[in-house]
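Trainee: Right, I'll just put the structure down here and ask away after.
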Amino acid sequence: MFDEEEQQEQAPPDSGFIADGAGDDGEGGGFIEQEHTGYFEKLGNSFGGICIGLVLFFGAFPLLWWNEGRAVDYYQAINEGKKIIVPINSTIIDPSNEGKLVYLTGLAEPTQNLTDVDFGIEASQKTKLLRDVSMYQWYEQKTTTKKDNLGGGTTTTTEYKYTKKWYGSRINSDNFRQQGYYNPPMPYITQEFYSNVVLGQFSLPNEMVSTAFPYDDTNSPLAQSVTFDTNNIPSTNSLKTQKSVQVQGDGFYFGTPQNTQVGDTLVKYKAASGGTVSLFAQQSGSTFTEYTAKSGATLFRIEMGRVDSTTMFENAASENKTITIILRIVGALVMIIGISLILNPLAVAADIIPCVGDCVGGAIGIVAFLVGGFLSMLVIGIAWVANRPAVLGAAVAGMVVIGYFVYLGVRRKRERSRSIRDMEGVQDLKLERDD
């Protein structure tokens, strides 16, 4: 008999920032439950997985095909951009460049202070400000052990443990297996604030501000540009009305750090400064938007530092290749998993003898990998050619030429065979006459 162990943890959809310090992990209770699944029930469940497998299998084909088209579209957009890009001066807004793909570089700097009115925070000379909120709360951890029994059944043993940890969004305690562990709502969530950042006479859109400027190093305390004062927190702040508050680092602690309780909340801040940037995008008034190329792909990019347009296009092309490879791998894995699910009932049927079921399962994995890998490469190859008209035309022309020569060869062979047969017939007739 074979054991299979699996660990699952009940975490929020986006765990976000995990605070450190400010209290140790708390231990709660826990319990163990067992579930016995019969052979036929297990076999029936495996047939249900066939539907999911079919969806994954057939869904992998359009995913792989779309990825090749997306890669070619962006490659064509980059080539188009190289030919039409217009270098401009950030000190002058030229109306004649409206709607064109432009390139510029220069110093980007904020023009206004950033404020978070919920906590009375104001940051000066910062391009963006991050409010990072985390709460100390209950967390469910599941450890599952599966044991295959002789006869094809399975015994599943699940151990539930409840601990307290810091998370950046509320864990839904209503979904816990055992009740009695309640996580209160989080009245405030993590949020980013953006300044009006200018580059000469132009204003940068928030999409560029969000991606371009890295948050300052933790060794550069935000307190140099921000005053953290609990008296500045509005009296209407629901956390302030429920818990004691004190300044902790670059933020506030709501609760008692020496006696951390469920519901205690950390509000920490990070900020980003300005700097020299380079970008290409479509000029739209005094700001920038995405430029849509003839292929349908968009060009919209910003990088830190003085980077010439040629290098920026090369960086964009390199990223495009990386994304293409990643999506190819994802598509192939989706297809392999789909095939495995489709064939899984065979392994479950053989699981009436555990060791036989494991062997069949291993064989199914190998078959799924080989077949899925082959089909994925076949789809990628066909899509790669189909999305490149010049290559497709050359391939079709080559096949026509090869086919023509094959046809000529076959025809000549037939004519030669016919001539030989005719000559043999004449010789036979002559011999008959001589006789």
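The values are calculated or read from the model by the stated rules, or taken from the named source; none is laboratory data. All values reported here derive from a predicted model rather than from experimental measurement. All Cβ positions, glycine included, derive from the backbone under ideal geometry; neighbour counts span all protein chains shown. Surface accessibility is based on the protein's heavy atoms, side chains included, excluding ligands, DNA and RNA. Shrake-Rupley method; radii C 1.70, N 1.55, O 1.52, S 1.80 Å.
Trainee: Tell me, please, whether a residue that is at pLDDT below 90 and more than 27 Å from the chain's Cα centre (by Cα) can be found in region 126-138.
Mentor: Filtering region 126-138 down to residues at pLDDT below 90 leaves none.
There is no residue in region 126-138 that is at pLDDT below 90 and more than 27 Å from the chain's Cα centre (by Cα).
Trainee: With the structure loaded, tell me whether Thr322 is without any contact (Cβ under 8 Å) to a residue 40 or more places away in the chain, under 25 Å from Gly373 (Cβ atoms) and open to solvent by 40 Å² or more (accessible area, probe 1.4 Å) or whether it fails that test.
Mentor: Values: without any contact (Cβ under 8 Å) to a residue 40 or more places away in the chain: yes; under 25 Å from Gly373 (Cβ atoms): yes; open to solvent by 40 Å² or more (accessible area, probe 1.4 Å): yes.
In short, yes.
Trainee: Working only within region 93-110, note down all residues that are open to solvent by 20 Å² or more (accessible area, probe 1.4 Å), within 26 Å of Pro214 (Cβ to Cβ) and out of contact with any Ser or Thr (no Cβ under 7 Å at 6 or more places or on another chain).
Mentor: If the condition is that a residue be open to solvent by 20 Å² or more (accessible area, probe 1.4 Å), within 26 Å of Pro214 (Cβ to Cβ) and out of contact with any Ser or Thr (no Cβ under 7 Å at 6 or more places or on another chain), then Glu109 is the only one that fits.
Trainee: Still on this structure, please answer the following. Quick check on Thr241: is it at pLDDT below 95, assigned to a helix (DSSP H, G or I) and within 34 Å of the chain's Cα centre (by Cα)? Walk me through it before giving the result.
Mentor: Working: at pLDDT below 95: yes; assigned to a helix (DSSP H, G or I): yes; within 34 Å of the chain's Cα centre (by Cα): no.
When the stated conditions are applied, Thr241 does not pass them.
Trainee: Please go through region 141-163 and give me each residue that is open to solvent by 30 Å² or more (accessible area, probe 1.4 Å) and out of contact with any Ser or Thr (no Cβ under 8 Å at 6 or more places or on another chain), ordered by number.
Mentor: Correct list: Leu150, Gly151.
Trainee: Looking for something within 32 Å of the chain's Cα centre (by Cα), over 30 Å from Pro185 (Cβ atoms) and open to solvent by 30 Å² or more (accessible area, probe 1.4 Å) - is there at least one such residue anywhere in region 263-275?
Mentor: Within region 263-275 (the criterion being within 32 Å of the chain's Cα centre (by Cα), over 30 Å from Pro185 (Cβ atoms) and open to solvent by 30 Å² or more (accessible area, probe 1.4 Å)), the answer is yes, since at least one residue qualifies.
Trainee: Right, here's the next one. Taking strands (runs of 3 or more DSSP E) that do not extend beyond region 37-146, which have at least 2 residues that are closer than 22 Å to Arg306 by Cβ? Quick ask: steps written out before the conclusion?
Mentor: Numbers: elements: 101-110, 114-116, 121-123.
The qualifying strands (runs of 3 or more DSSP E) are 101-110.
Trainee: Another one. In this structure, does Lys243 turn out to be surrounded by 15 or more Cβ atoms within 10 Å (Cβ to Cβ), closer than 30 Å to Asn315 by Cα and in contact with a Phe, Trp or Tyr (Cβ under 6 Å, 6 or more places away or on another chain)? Let's see the steps before the verdict.
Mentor: Numbers: surrounded by 15 or more Cβ atoms within 10 Å (Cβ to Cβ): yes; closer than 30 Å to Asn315 by Cα: no; in contact with a Phe, Trp or Tyr (Cβ under 6 Å, 6 or more places away or on another chain): yes.
No: the conditions fail for Lys243.
Trainee: Does Tyr269 satisfy being in contact (Cβ under 8 Å) with a residue 12 or more places away in the chain, on the phi < 0 side of the Ramachandran plot, touching a helix residue (DSSP H, G or I) at 6+ places or on another chain (Cβ under 7 Å) and of a type outside the set (A, V, I, L, M)?
Mentor: On the way: in contact (Cβ under 8 Å) with a residue 12 or more places away in the chain: yes; on the phi < 0 side of the Ramachandran plot: yes; touching a helix residue (DSSP H, G or I) at 6+ places or on another chain (Cβ under 7 Å): yes; of a type outside the set (A, V, I, L, M): yes.
It is true that Tyr269 is in contact (Cβ under 8 Å) with a residue 12 or more places away in the chain, on the phi < 0 side of the Ramachandran plot, touching a helix residue (DSSP H, G or I) at 6+ places or on another chain (Cβ under 7 Å) and of a type outside the set (A, V, I, L, M).
Trainee: Cβ-Cβ below 7 Å, separation at least six or inter-chain, first residue in region 172-189 and closer than 12 Å to Tyr139 by Cα, second part of a loop (DSSP other than H, G, I, E, B): which pairs?
Mentor: Final answer for the pair search is Ser173/Tyr181; Ser173/Tyr182; Ser173/Asn183; Asn183/Arg170; Asn183/Ile171; Asn183/Val262.
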